[in-house]
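Note sheet for the following structure.
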Amino acid sequence: MTAPLIELKDLTVDFPVGGNWVRALHGVSLTIRRGEALGLVGESGSGKSVTWLAATKLLPAKARIDGKVLLDGKPIQGLTRDQMASVRGKRVALIFQDPTSSLNPVHRVGTQIGEAVRLHRGFDAAAARAEAKRLLDRVHIPSAARRLDDYPHELSGGTNQRVMIAMALAGEPDLLVADEPTTALDVTIQAQILDLLAEMRRETGMALVLISHDLGIVADITDRVAVMYAGRIVEEAPVDALFDDPRHPYTQGLLAALPDVAGPRRRLTAIPGQVPNPAALPPGCAFAPRCPAAIAGCVTAIPSLDAVAADRRTACFRAGDGTPWEIAA
Amino acid sequence: MLGYVASRAFRALVTILLVLTFAFFILNATGDPAILILSADAPPEAIEAFREEWGLNAPLWKQYIGYLWNLAHGELGRSMRDGRDAWAVVSERIPVTLAITIPALIIKLVIGISAGIVAALWRDTWVDRLVMAFSVTGYTVPSFVLGLALMLVFAVQLGWLPAAGADSWRHAILPIITLGVAGAAVLARFTRSAMLEVLGQPFIRTGLAKGLVWRAVVIGHAFPNAAIPTLTIAGFMIGSLVAGAVVVESVFAWPGVGRLLVSAVGNRDLMVVQAILLLVTVTMVSANLIVDIVYGFVDPRLRTARGGQARGGT
């Protein structure tokens with residue numbers, strides 16, 4: 001097993017809401033090893049994005065962040081915003097959900113990629129342009145030399161996401177965090193972008209965190225999956241183990257809601273109810289009100305994330321008691 | 001791009017013609033220049049002679065055609081007061097007005113834009129609240145009130161500066177400050193909201209995510225985008241350089257174009273009023289035209305909206 005690249009330890013995030021602090025992240029601990037691909041899955045508002053925006057100090061200054069972030073074993077949480085800038089892009093790169101609005105509308109894409117190249121590798125303008133062209137080639141944008149002078153609004157969403165990936169690769173990062181990179185794109189384009197991410201990871205050996213609300217998307221290109229619910233990780237397992245033998249009722253629910261291309265036709269089961277409001281979480285397990293396997297203890301105490309096997313963790317009092325979604329259905 | 005400029009220029013010409021037409025008919029409908037200039041007690045023969053001399057007996061539409069015809073030949077007519085060429089009367093006032101409006105414009109741009117940026121970057125802090133308090137005061141207080149207040153404090157009470165007139169550069173200071181403060185207040189508010197809008201955009205986060213420090217993101221990514229809406233209001237201010245000081249010139253007895261306009265309207269000196277309106281319309285319309293063209297350079301989205309097309313598959 002390779003050394004940990006980045007470790008999040010008991011990360012919490014609070015946002016000020018009308019004079020109160022509302023906790024969005026309840027102590028998330030996560031380890032990414034060099035070169036590994038982790039899927040981070042959960043519904044909107046589960047804290048997937050906030051986790052990585054907090055770890056890279058991209059949250060608004062008014063958010064209160066606690067806990068530790070270790071990069072190569074060294075804490076980076078105490079760094080100032082400007083010191084953090086040398087970590088971002090160079091060590092940890094990020095790409096986001098809506099590629100077109102994530103690019104500056106008044107700068108040419110070549111300029112925007114070149115800016116990252118110059119920043120991280122100290123190239124002059126001409127060399128940065130040549131490198132930007134090479135990066136566009138690498139992300140398979142046709143006639144890359146001509147695209148350098150295009151503006152984001154002249155390109156499609158899929159091409160812009162390739163530009164974002166090219167820009168992320170400019171700093172030769174050790175970790176790429178892709179936050180819902182395909183959510184805003186057409187289904188056919190989604191697959192191409194996921195393939196590209198997998199290819200870039202193979203070529204560069206960088207680690208990848210793929211944030212998605214869709215288990216199906218992360219299944220193909222990640223090694224390990226962490227499932228988040230209401231600001232906590234509720235289950236973490238190697239991707240095959242998670243699909244074969246989900247232990248947490250929430251994970252089971254997500255899988256039951258996923259269409260199965262290969263298997264027999266069956267009715268998809270939706271998880272009833274909604275993600276609770278972070279300002280009014282239930283006192284016990286946050287999933288208990290929606291959980292078909294919930295017992296009396298679930299509504300009073302919060303289950304901790306415990307190892308249930310050598311390489312997997314689950315936060316459920318009833319982990320391994322059966323498959324409640326099949327029982328319920 | 002060329003077609004765009006040509007169509008904007010054509011629209012500008014139509015605008016100017018419309019303004020001149022309105023001005024001509026409204027001014028002619030609101031009073032008889034012969035009576036106003038010679039006074040109602042003047043002998044009827046004198047009034048008749050005056051009408052004859054200025055062509056006021058012809059039907060209005062003939063006067064209008066004649067006016068346009070002369071205009072097309074570069075003739076703006078003569079002042080009915082003293083018979084001087086109307087354009088000469090107006091043009092000698094232009095430098096006098098610019099002497100206060102250009103320094104005021106510099107104050108507006110420098111103070112207004114920087115205050116707006118500072119307020120946006122330190123949003124919801126005491127700096128922001130201070131800037132906004134000044135801004136609200138600056139643009140809600142009418143300029144004649146502000147001018148009189150400044151005059152009261154700095155001329156009457158403290159005696160540091162002359163109250164009115166145009167005998168020295170010191171006379172220009174209070175009019176310049178009066179004009180500058182009001183404009184800076186408007187521009188500060190505009191710039192602040194433009195900056196806040198831009199700072200909330202996803203590409204600002206991308207700038208930080210790629211490793212730029214905050215300062216570099218603000219300068220390299222926020223400013224060029226926030227400049228686009230700010231340009232509109234700045235262009236409007238440039239367009240009003242010639243005629244934007246009517247009230248302030250009156251308050252401070254500054255003998256510029258604005259004061260000439262007030263007295264020419266009062267005197268029914270039609271040709272002078274029309275010459276001033278033409279000047280004002282042309283400067284305002286040209287400033288708008290220039291802003292439109294500059295937009296095309298600053299905002300690439302407008303450039304392609306006019307002729308280019310989206311390229312590239314995925």
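In this entry, B:P103 passes the filter for residues that are in contact (Cβ under 8 Å) with a residue 24 or more places away in the chain, closer than 27 Å to B:W254 by Cβ and not small (G, A, S).
Within the range A:136-161, the set of residues being under 30 Å from A:K48 (Cα atoms), open to solvent by less than 10 Å² (accessible area, probe 1.4 Å), over 18 Å from the mean Cα position of the chain (by Cα) and not hydrophobic (A, V, I, L, M, F, W, C) comprises A:P152, A:G158, A:T159, A:N160. Restricting the search to helices (runs of 4 or more DSSP H) fully inside the range B:113-181 and requiring at least 1 residues that are open to solvent by 50 Å² or more (accessible area, probe 1.4 Å) and basic (K, R) gives B:126-140. The helices (runs of 4 or more DSSP H) found wholly in the range B:1-93 and carrying at least 2 residues that are among the charged types (D, E, K, R) and open to solvent by 80 Å² or more (accessible area, probe 1.4 Å) occupy B:44-54.
Each residue in the range A:100-126 was checked for being touching a helix residue (DSSP H, G or I) at 6+ places or on another chain (Cβ under 6 Å) and closer than 30 Å to A:K68 by Cα, and 3 of them qualify.
Taking the criterion of being at pLDDT 85 or above and either buried (at least 17 other Cβ atoms within 10 Å of the Cβ) or over 19 Å from the mean Cα position of the chain (by Cα) (or both), the residues of the range B:283-302 that qualify are B:T283, B:M284, B:V285, B:A287, B:N288, B:L289, B:V291.
Out of A:K74, A:K90, which single residue is more than 14 Å from every other protein chain (Cβ to nearest Cβ) and surrounded by fewer than 24 Cβ atoms within 10 Å (Cβ to Cβ)? One residue alone meets the criteria, A:K74.
Tell me whether the range A:295-302 contains one or more residues that are under 26 Å from A:G216 (Cα atoms) and surrounded by fewer than 19 Cβ atoms within 10 Å (Cβ to Cβ). Among the residues of the range A:295-302, not one is under 26 Å from A:G216 (Cα atoms) and surrounded by fewer than 19 Cβ atoms within 10 Å (Cβ to Cβ), which makes the answer no.
The residues of the range A:101-135 that are in contact (Cβ under 8 Å) with a residue 40 or more places away in the chain, open to solvent by 40 Å² or more (accessible area, probe 1.4 Å) and more than 9 Å from every other protein chain (Cβ to nearest Cβ) amount to a single one, A:R121. Cβ separations smaller than 8 Å between residues 6+ apart or across chains give the following pairs from the range A:60-84 residues that are without any contact (Cβ under 8 Å) to a residue 12 or more places away in the chain to residues that are in a loop (DSSP other than H, G, I, E, B): A:I76/A:V87; A:D82/B:V213. Those helices (runs of 4 or more DSSP H) of the range B:207-271 in which 1 or more residues are open to solvent by less than 20 Å² (accessible area, probe 1.4 Å) and at pLDDT 90 or above occupy B:214-217, B:223-239, B:257-267. Against the numbered list (1) touching a Pro at 6+ places or on another chain (Cβ under 8 Å); (2) farther than 30 Å from B:D299 by Cα; (3) open to solvent by less than 70 Å² (accessible area, probe 1.4 Å), A:K68 comes up short only at (3).
The values are calculated or read from the model by the stated rules, or taken from the named source; none is laboratory data. No experiment lies behind these values; they were computed from the predicted model shown. Every residue, glycine among them, receives a Cβ derived from its backbone with ideal geometry; neighbour counts consider all protein chains shown. Heads up: the accessible areas ignore ligands, DNA and RNA and are worked out on the full protein's heavy atoms, side chains in. Shrake-Rupley method; radii C 1.70, N 1.55, O 1.52, S 1.80 Å.
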